[in-house]
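Here's the structure we're looking at; comments come further down.
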Amino acid sequence: MPLSPPPDDALDSGSPPVAGELAAPVALHWSPKSPFVRKVSIVLIECGLADGVEKIRTPVDRRRANRDYMALNPLGTIPALALADGSLLAGSALICEYLLALRPHPKLLPPSGAERFEVLRRETFADGMLDALLFWRQERIRPAAEQSAEIHIAYAAKAAAALDRIDAEAAAFSPFPDLGQIAVGSALAYLDLRFPDLDWRRQRSDLAAWHRRFEDLPSARATRLALD
């Protein structure tokens, strides 16, 4: 079940209410390894839109171009959301914003004011941490003789600083995770998948406790990261 119910006007038994002329989502280009896909997948579930969206397994690799997929999305990135009008949205932040315009959910993203920008600030921070981790991951899988010690030192420091900042905020996280916290949870899951040696929970008890609760939510259990 969702973290919290959507607004009452979104609970009819017909098609999801659509704001203005926004087209409904019909397919998600995804991979079970992508934390950005996971963020979108959780939002789809929490907004009550997941059942109508086909999941299309789309292999992407930063070192090789998927040219067939690039005919649809020239950036060659996932997630990408296909809409009923034939258009395609790429990028997890844009997709989540679109889904929450289709199915407003104030607990996931407040409609206005300082609270909204606090949620978006945390989402952007978590996404930025993920971008750094993805770059570092590419360095880690290069042949050992070609890897840069300076890059390893710099990105280990960046990861530690970002985790320390999030840990300092974790005690004040709301009981029902908002979009920013969903982004944080997805980033931490990627650390567990690709960087288990970092032992990020050590000396970050507040964040570790919050992440245990987050991963036990139904929408999080349904979207766990996996290597295949």
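The values are calculated or read from the model by the stated rules, or taken from the named source; none is laboratory data. What you see is a predicted model, and the numbers here were worked out from it, not measured in a lab. Positions of Cβ are generated from backbone atoms using ideal geometry, with glycine treated the same way; all protein chains shown enter the neighbour counts. Heavy atoms of the whole protein, side chains included, go into the accessibility calculation; ligands, DNA and RNA do not. Shrake-Rupley method; radii C 1.70, N 1.55, O 1.52, S 1.80 Å.
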So for the range 157-228, using the alpha carbon gyration tensor with a ≥ b ≥ c as root eigenvalues (a/c under 1.5 gives rounded; past that, a/b versus b/c decides prolate or oblate), I'd call it oblate
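Rounded to the nearest 0.05, what FRET efficiency do Ala23 and Ala149 give with R0 = 35 Å and r taken as the Cβ-Cβ distance? Could you check? All intermediate terms of the calculation are to be shown ahead of the outcome.
Details: r = 49 Å, r/R0 = 1.40.
Once the sixth-power term is evaluated, E becomes 0.10.
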At R0 = 30 Å, how high is the FRET efficiency between Leu227 and Phe176 if r is their beta carbon distance? Nearest 0.05 is fine.
0.50
Shape call for the chain from the C-alpha gyration tensor, a ≥ b ≥ c root eigenvalues: rounded (a/c under 1.5), prolate (a/b greater than b/c) or oblate?
oblate
Hey, got the Cα dimensions of the range 58-100 along the principal axes, in Å, largest first?
33, 20, 13
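To the nearest 20 Debye, how big is the dipole of the range 87-136 about its Cα centre, given +1 on the beta carbon of each Lys and Arg and -1 on that of each Asp and Glu? If you can, show how the numbers build up before the last one.
Numbers: 5 positive and 6 negative charges, 36 e Å.
I would put it at about 180 debye.
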Return one whole number: the accessible area per residue of the chain in Å², for a 1.4 Å probe.
51
Measure nothing but the geometry: give the 0 to 90° angle between the long axis through the Cα atoms of 92-102 and the longest principal axis through the Cα atoms of the chain, rounded to 10°.
20
Can you tell me what share of the DSSP beta bridges in the chain is antiparallel? A percent to the nearest 5 is fine.
65
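Probe radius 1.4 Å, ligands and nucleic acids left out: which of Lys107, Lys33 has the largest accessible area, and how do the rest follow? Write down the numbers at each step before the final one.
On the way: Lys107 100, Lys33 75 Å².
So, going from the largest accessible area down, we get Lys107, Lys33.
Out of the total accessible area of the chain (probe 1.4 Å, heavy atoms of protein only), what percent is carbon and sulfur? Don't skip to the end; give the middle numbers.
Details: 6620 of 11730 Å².
That share works out to 56 percent.
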Summed over the other residues with a beta carbon less than 9 angstrom from that of Ile182, with K and R at +1 and D and E at -1, the charge totals -1
Cα→Cβ-extended label distance, 7 Å offset, between Ile141 and Ser205, nm
3.7
So what is the relative contact order of the chain, in percent, for Cα pairs below 8 Å that sit 6 or more residues apart?
27
For the chain, what is the charge dipole size about the Cα centre, in debye to the nearest 20, if Lys and Arg each add +1 at the Cβ and Asp and Glu each add -1 at the Cβ?
760
Cα centroid separation - the range 159-228 against the range 104-152, whole Å
12
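Looking at the range 81-144, I'd like the Rg to Rh ratio, where Rg is from alpha-carbon atoms and Rh is Kirkwood's inverse mean 1/r. Show your work: numbers first, answer last.
Details: Rg = 15.8 Å, Rh = 14.0 Å.
Looking at the range 81-144, the ratio lands at 1.13.
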